[in-house]
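These notes concern the structure reproduced below.
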Amino acid sequence: MKILIIDDEESFCQNLKPFLERKNYEVICSYTGKEGLEVFKKEKPPLVFLDYYLEEGLTGDKILEEIKKINPSCRVVLITGSPEDLSEALLKKGASLYLSKPLNLSTLKEVLERLTQGKEEQ
């Protein structure tokens, strides 16, 4: 299964990528919202990890809306260092859930299992 990570912190992506690859996921990293949307359109991953605050000023809710327009069934997990900024409103916009940085790998493993349960491997 493909997973797209959209995060302007390259080190975050590069730290998360090996963990996911060891779990047999194909991981694609994008470092801007604009690039992330282009990759999403091309690769069509069923799961996206999306940083809420991106360097170019786009917020995760705007990118979330675009992703959901393209593929309403895509699972999107919002990630932030400031969880107080993420609210139930984002879940209503289509986010599957949100996680706080730094990510706890055991929590991430549980989230992956829950979000990919019953999904066919791609």
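Miscellaneous remarks
- By the beta carbon rule, with partners counted only under 4.7 Å, the chain holds these lone Cys residues: 74.
- Neighbour counts of other Cβ atoms within 10 Å put 30, 100 in the fewest-to-most order 100, 30.
- Region 2-114, dipole about Cα centre (Lys/Arg Cβ +1, Asp/Glu Cβ -1), debye to the nearest 20: 600
- Cα-only radius of gyration and Dmax that characterise region 2-114, units Å: 12.6, 33
Since every read-out is calculated from the coordinates, none of them should be taken as a lab result. What you are looking at is a predicted structure, and each value in this text was computed from that prediction instead of being measured. Cβ sites come from the backbone with ideal geometry, for glycine too, and all protein chains shown count toward neighbours.
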